[in-house]
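The values are calculated or read from the model by the stated rules, or taken from the named source; none is laboratory data. These numbers were taken from a predicted model, which means no experiment stands behind them. So basically every Cβ, Gly included, is an ideal-geometry build from the backbone, and we count neighbours across all protein chains shown.
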Amino acid sequence: MDLKLTEEQEMLKTSVKDFIAAECPKSKVREMQEDRVGHSPELWKKMAALGWMGLLIPEKYEGMGLSFQDGMVVMEEMGRNILPGPFMSTFVATFAIVEAGSEAQKKEFLPKIARGEMKLSLADMEPNGKFGAGGVTLKAAPKGDGFVLNGAKMFVEMANVADYLVCPARTKEGANSEEGISLFLVDMKSPGILCEVVPTIAMDKLCEVKFENVSILHQALLGEKDRGGVALKNTLRKAALARCADSIGGMQACIDMTVAYMKERVQYERPIGAFQAIQHIVADTWIAMQTARYLAYEAIWLESGGQPADKEASMSKAYVNNAYKLVSKWGIRLHGGIGTSREHDVSLYYLRAKAADTAYGGADYHNELVADKIGLVK
Amino acid sequence: MDFSFTEEQKKRREEFYRVCAQLEKDKPHGFSGLESTYDTEAGFNYHLHCAREFAKRGWLSLSWPTEYGGTGNMMDRVLFAEARGYHDIPGVDVFGVQMLAPTLLACASEEIKREFLPMIASGEVQWCELWSEPNAGSDLADLASTAIRDGNDFIVNGQKIWTTGAHFAHWGFGVFKTAPQGKKHHNMSFILFDMKKPGVTIRPIKYMNDFHIYNEVFFDNLRVPAKIVGQENEGWAVVNVLAGFERSGIDEIMRMQRELENAVKYCNETKVDGIPLAKNPLVRNRLAQIAGEIEAARCLAYRVADLQNHNEMTLMDASAVKVFTSDVAERFASLMTDMLGPYGQVKLSRWAPMEGWWERMYQEHFVLSISMGTNEIQKNIMAWYGLSLPRMR
């Protein structure tokens, strides 16, 4: 057992932190949130030049071939600085291609992703708002040599700038919700696709994507027909952990900024951090962050070591969701009025925490999975 | 970042679990946790029985430096605590083995170490911690009891309170004013003495469930040889070292893990209106939440062990584990007694579900949140020393 980051991971962490602090200050975050598109091609290019799009892509496809754990070190730093744009969506969708893609698909897609020439998103949710395989109803009917898609996806992150979607669809009615799902790589330029940004709390460009008789070729099928449920589940588990890492970074930032302000803000002739009413709340938020951190680190370690653990991952996502909401709420409360203002950074985290809460599964959804895994009969 | 155990550690852990599972078979009916150790003769004898089994394997001195008979490895102690917690086995004297021994190793003279460490490792001697006084609780340094030097002896006078297990203790360690006129924090010594001497009077303070855990201890001109840990009049520094060795929490956490398994089994087997409790969505949600919290506590306890292995400051994380674990224990007890409805209040008897376990836990979780520095004191420590927030005067 050694719970420290490796030297390489420390270096990676520092380089990401320094880069984002310099290239994406909070003024830029606000600008991208308020912007209609929410994507900065210049920033994207600089990140691509550092190889980040290909962090976890194997070297033979021009990636850096790092471990899942290394990737999470990077995600944590991005979350600390609330990096907007299509990085998270591309990162997450890439998991599905690495796992389920054919050699031809990997050769075609992965190098382009690694070079930053292609942006992706995972279209896991639909208008029904359900998490996981149970929510997948989009129909993919056979047509000629390919398929035709009819239906809609919802809350698809940065689909407005994505070149391709990794899109789960139903190709067969199965005995359970995971059966009969196929994954498709859908070109966003296909005729019949209508994409619209949904206004959301974190202004993070979650989109509604409608499919009206969208024809796709057989080559767009990612993995085996009807058997995409497993790849979807694995991708969603990794996505949930990526979101956890992002949230842990966010909690750390909230606490750092709140503690600093508690030392600086003077009322009743003393820094307000001298009041125990405040000290105890700060300690509580730290406890929430640190328990969340090590719970998620364990799940990340399992995933990274090729022993993916559904139970630990679901425990982490459920716990981190609530911890981030709690920590960011107190971040605002302890700052007082200024904390509620659009101009203050702490409110950005509060909004991000709500977005993180619903991405890749809310606490109740994940706790139901945990209930199953600890052996409660269904 | 690596949470894995070496093959060697896995083997040792298996051995710890095997012996504890074996000892579980001798457990007196209704025995639970630290509290049962002190409530009855049978409980205390079971504790001594387990202590002997551990002592003969060298497990009471596990993480000590090799020259004092240990393996020198912190992780062994953690793995052993896991197994004991999971099977809810006593046998490790919290005061002698868990607190005093590492404090002696860190602060005591060679002479004191050679006198007391073998005694602790033998498992035959029970210790008590003479700490709080009626007017010195969280503010321990405000204590009033004295130990006044008379040649090579101390004459001890005053009163201690909340002394766990004093009625069974052979030896006591504590802080007493040895220079009553001296400056606060430089006027007390950390001393060791025999509790079975004339001049010591012990009066029970019954817990709310009528258990005998705590005591008041009165000293009336008790004469004892002067055995000091650290420097005379500088006992406060030793108190702070000892505070770092108060429970790591992994045993409590693993005890909850076992309780969770028992709760799942109970919910699967118990029907309400013909439907197993396990199918009730509220029960599923709340138990799953507790399961995640127990796992989080465990992971953070590993973090504390890892920091200790790297000889790094554990202050923030150790306090966090302590506070969090006690909060989870409280929530767990509350959830279970709610779930059992009116039966949640029934003591061990033919009417009690789960052997009345949760009726006890509903009361005993306070032992975790109040003792060893209340949760509120822990949060002060985190704020002042961990986060450098200003200390209010």
Return only the number of the condition from (1) touching a Phe, Trp or Tyr at 6+ places or on another chain (Cβ under 9 Å); (2) closer than 22 Å to A:ILE338 by Cβ; (3) free of Cβ contacts under 8 Å to residues at least 12 places away in the same chain; (4) within 7 Å of chain B (Cβ to nearest Cβ) that A:VAL282 does not satisfy. (3)
For the range B:327-350, how many residues are more than 10 Å from chain A (Cβ to nearest Cβ) and assigned to a helix (DSSP H, G or I)? 16
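Looking at A:ALA318, A:ALA313, A:ALA292, A:ALA299, which one is at the interface with another protein chain (Cβ under 8 Å from one of its Cβ atoms), part of a helix (DSSP H, G or I) and more than 30 Å from B:LEU389 (Cβ to Cβ)? Write out each step before concluding.
Details: A:ALA313 fails: at the interface with another protein chain (Cβ under 8 Å from one of its Cβ atoms); A:ALA292 fails: more than 30 Å from B:LEU389 (Cβ to Cβ); A:ALA299 fails: at the interface with another protein chain (Cβ under 8 Å from one of its Cβ atoms).
A:ALA318 is the lone residue from the list that is at the interface with another protein chain (Cβ under 8 Å from one of its Cβ atoms), part of a helix (DSSP H, G or I) and more than 30 Å from B:LEU389 (Cβ to Cβ).
For the subset of the range B:375-393 comprising residues that are more than 8 Å from every other protein chain (Cβ to nearest Cβ) and either buried (at least 16 other Cβ atoms within 10 Å of the Cβ) or in contact with a strand residue (DSSP E or B) (Cβ under 6 Å, 6 or more places away or on another chain) (or both), which member is farthest from B:GLU269 (Cα to Cα)?
We begin by selecting, within the range B:375-393, every residue more than 8 Å from every other protein chain (Cβ to nearest Cβ); these are B:375, B:377, B:381, B:385, B:393.
Subset that is either buried (at least 16 other Cβ atoms within 10 Å of the Cβ) or in contact with a strand residue (DSSP E or B) (Cβ under 6 Å, 6 or more places away or on another chain) (or both): B:375, B:377, B:381.
Working: B:ASN375: 36, B:ILE377: 42, B:ILE381: 45 Å.
So the residue we want is B:ILE381.
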Would you mind stating whether B:PHE324 is within 14 Å of chain A (Cβ to nearest Cβ), among the aromatic types (Phe, Trp, Tyr) and closer than 28 Å to B:VAL94 by Cβ? yes
Mind listing just one residue for me: the one in the range B:142-160 that is free of Cβ contacts under 8 Å to residues at least 40 places away in the same chain and not hydroxyl-bearing (Ser, Thr, Tyr) and, of those, surrounded by the fewest Cβ atoms within 10 Å (Cβ to Cβ)? B:GLY151
In the range B:1-41, what count of residues is obtained for those that are surrounded by 13 or more Cβ atoms within 10 Å (Cβ to Cβ), part of a helix (DSSP H, G or I) and more than 14 Å from chain A (Cβ to nearest Cβ)? 15
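Can you name the residue in the range A:238-279 that is farther than 28 Å from A:ALA313 by Cβ and β-branched (Val, Ile, Thr) and is also nearest to the other protein chains (Cβ to nearest Cβ) among such residues?
So the residue we want is A:VAL259.
Which of the residues spanning the range A:97-147 are part of a strand (DSSP E or B) and of a type in the set (Phe, Trp, Tyr)? If you could, list the steps in order and put the result at the bottom.
So the first thing to find is which residues in the range A:97-147 are part of a strand (DSSP E or B), and the list is A:120-122, A:139-143, A:146-147.
Within the range A:97-147, A:PHE147 is the sole residue that qualifies.
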Counting residues that are in contact with a helix residue (DSSP H, G or I) (Cβ under 7 Å, 6 or more places away or on another chain), which strands (runs of 3 or more DSSP E) fully inside the range B:91-177 reach at least 1? B:127-130, B:171-177
If I filter the range B:307-317 down to residues being within 11 Å of chain A (Cβ to nearest Cβ) and assigned to a helix (DSSP H, G or I), which single residue comes out as modelled with the lowest pLDDT? B:ASN309
Leading residue by the ranking (nearest to the chain's Cα centre (by Cα)) among those in the range B:241-261 that are modelled with pLDDT of 90 or more and within 14 Å of another protein chain (Cβ to nearest Cβ): B:ILE250
Quick one: which of A:GLN307, A:GLN279 is modelled with pLDDT under 95 and at negative phi? A:GLN307
So, in the range A:1-40, exactly how many residues are without any contact (Cβ under 8 Å) to a residue 12 or more places away in the chain, among the charged types (D, E, K, R) and within 14 Å of chain B (Cβ to nearest Cβ)? 4
Set B:VAL224, B:VAL304, B:VAL238: member being touching a residue at least 24 places away in the same chain (Cβ under 8 Å), in a helix (DSSP H, G or I), more than 8 Å from every other protein chain (Cβ to nearest Cβ) and closer than 22 Å to B:LEU117 by Cα: B:VAL238
Is at least one residue of the range B:57-64 surrounded by 22 or more Cβ atoms within 10 Å (Cβ to Cβ) and more than 21 Å from the chain's Cα centre (by Cα)? no
Of the residues that make up the range B:53-63, is at least one touching a strand residue (DSSP E or B) at 6+ places or on another chain (Cβ under 9 Å) and part of a helix (DSSP H, G or I)? no
Starting from residues that are aliphatic (A, V, I, L, M) and in contact with a Phe, Trp or Tyr (Cβ under 8 Å, 6 or more places away or on another chain), keep the ones in the range A:341-358 and report whichever is surrounded by the most Cβ atoms within 10 Å (Cβ to Cβ). A:ALA353
